[in-house]
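Visitor: Let me begin by handing over the structure; questions about it come next.
The values are calculated or read from the model by the stated rules, or taken from the named source; none is laboratory data. All figures in this text were calculated on a predicted structure; none of them were measured in a lab. We place every Cβ from the backbone using ideal geometry, glycine too, and count neighbours over all the protein chains shown.
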Amino acid sequence: MSLLTIKNLAVGYGYLQVIEDLSLDLVKGEVVAMLGGNGAGKTTTIRAIMGLLPPWKGDVLFAGEPIHDLKTPAIVALGLSYVPEGKSVFPKMSVMENLELAANSPEAKRQRDKTLGEVMDLFPRLADPNKQRQLAGTLSGGEQRMLVVARGLMARPRLLLLDEPSLGLAPRLVRDLFEAIGKIHRQGMSIFLVEQNVHLSLQLAERGYVLEHGRIVLGGKGSELIEMEHVKQAYLGM
């Protein structure tokens, strides 16, 4: 059964329609990538899933239940965790305070110490006690991205939604981050990945969707999409 299902979604800002008749699904345990250029509607799609933008029409279902009429806190409580693009840390709070803030459900609180151990294994740079006391706003850009992903995991989600996790990072840090995302997936996490790094995304994802001007123009296995020369040239800028 699909964990996440979107049917005929339309959404936008004010009078500007961004997403038109979008349908996709994600099965439990999968990594599904949504790819496309700037302005294609990738972030808008995630914001609609999370209740940050009310759909104009269409359905969003999580584990078979409709969530498109719910507010964001209720969606988060069902087990969706959103890692937004950019640094997105609470800059005047310490690294540890950022992490602890996300462990706010009864289950996340119960598993807090276990989850902390897991995220420190994933991101060793955050494991240093001095680093944990450091204000999040003083971390490097790469460390802030690691912290934002780690904070998303502290909620013990059933589905992790990652929006442009590699944005603005140096190539070495991008590789490190994708290795961590791969480990998260191998531990059983379902992941919806919005990303412009086509090659790394399709290497990681079981399936991918290509978005252009608010419409899905292609979908298929990640391994197949990455081999389609016309797809890389026409839609993915490769």
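Visitor: Could you grab me the full set of residues in segment 115-137 that are loosely packed, with under 12 Cβ neighbours inside 10 Å and of a type in the set (Asp, Glu)?
Guide: Result: 121, single match.
Visitor: For residue 35, are the conditions met, namely being among the aliphatic types (A, V, I, L, M) and modelled with pLDDT under 95?
Guide: Taking the combined requirement at face value, the residue satisfies it.
Visitor: Tell me which residues, restricted to segment 159-177, are over 12 Å from the mean Cα position of the chain (by Cα) and either outside any loop (DSSP other than H, G, I, E, B) or closer than 18 Å to residue 25 by Cβ (or both).
Guide: 171, 172, 173, 174, 175, 176, 177, listed by residue number.
Visitor: Going residue by residue through segment 75-98, is there one that turns out to be loosely packed, with under 15 Cβ neighbours inside 10 Å, on the phi < 0 side of the Ramachandran plot, of a type in the set (Lys, Arg) and out of contact with any Lys or Arg (no Cβ under 6 Å at 6 or more places or on another chain)?
Guide: Yes, the conditions are met somewhere in segment 75-98.
Visitor: Can you find, within segment 1-17, the residue that is farthest from residue 75 (Cα to Cα) among those that are of a type in the set (A, V, I, L, M, F, W, C) and modelled with pLDDT under 95?
Guide: 16
Visitor: Is segment 148-164 home to any residue that is touching a helix residue (DSSP H, G or I) at 6+ places or on another chain (Cβ under 6 Å) and without any contact (Cβ under 8 Å) to a residue 40 or more places away in the chain?
Guide: no
Visitor: For the list (1) part of a helix (DSSP H, G or I); (2) over 19 Å from residue 50 (Cβ atoms), I need the number of the one condition that residue 74 fails.
Guide: With respect to (1) part of a helix (DSSP H, G or I); (2) over 19 Å from residue 50 (Cβ atoms), residue 74 is out only on (2).
Visitor: Restricting the search to segment 50-71, which residues are aliphatic (A, V, I, L, M), in a loop (DSSP other than H, G, I, E, B) and under 19 Å from residue 163 (Cβ atoms)?
Guide: 50, 52, 53, 67
Visitor: In segment 134-142, is there at least one residue being farther than 25 Å from residue 75 by Cβ and within 17 Å of the chain's Cα centre (by Cα)?
Guide: yes
Visitor: Let me spell it out: the conditions are (1) among the charged types (D, E, K, R); (2) surrounded by 14 or more Cβ atoms within 10 Å (Cβ to Cβ); (3) more than 11 Å from residue 155 (Cβ to Cβ), and residue 112 meets all of them except one. Which number is the exception?
Guide: That leaves (3) as the condition not met.
Visitor: Follow-up question, since we're still on this one. Give segment 201-221 a look and list any residue that's buried (at least 20 other Cβ atoms within 10 Å of the Cβ) and part of a helix (DSSP H, G or I), or say none.
Guide: 201, 202, 204
Visitor: Moving on. What's the number of the condition residue 141 fails, among (1) surrounded by 15 or more Cβ atoms within 10 Å (Cβ to Cβ); (2) touching a Lys or Arg at 6+ places or on another chain (Cβ under 9 Å)?
Guide: Unmet condition: (1).
Visitor: For segment 37-49, which positions are part of a loop (DSSP other than H, G, I, E, B) and surrounded by fewer than 21 Cβ atoms within 10 Å (Cβ to Cβ)?
Guide: 37, 38, 39
Visitor: Considering only segment 97-106, I want to know if a residue exists there that is assigned to a helix (DSSP H, G or I), more than 30 Å from residue 211 (Cβ to Cβ) and more than 20 Å from the chain's Cα centre (by Cα).
Guide: Checked against the condition, which is being assigned to a helix (DSSP H, G or I), more than 30 Å from residue 211 (Cβ to Cβ) and more than 20 Å from the chain's Cα centre (by Cα), segment 97-106 yields at least one hit.
Visitor: How do the pairs read when you match residues in segment 188-212 that are more than 19 Å from residue 48 (Cβ to Cβ) with residues anywhere that are basic (Lys, Arg) and part of a strand (DSSP E or B), using Cβ under 6 Å and keeping only pairs 6 or more apart or on different chains?
Guide: Filtered contacts from segment 188-212: 207/221.
Visitor: Counting only residues that are within 19 Å of residue 160 (Cβ to Cβ) and in a helix (DSSP H, G or I), how many does segment 111-132 have?
Guide: Residues meeting the conditions: 11.
Visitor: Cβ-Cβ under 6 Å, sequence separation 6+ or interchain: first residue in segment 109-133 and within 16 Å of residue 189 (Cβ to Cβ), partner surrounded by 15 or more Cβ atoms within 10 Å (Cβ to Cβ) and basic (Lys, Arg). Which pairs?
Guide: Listed pairs, sorted by first residue: 111/156.
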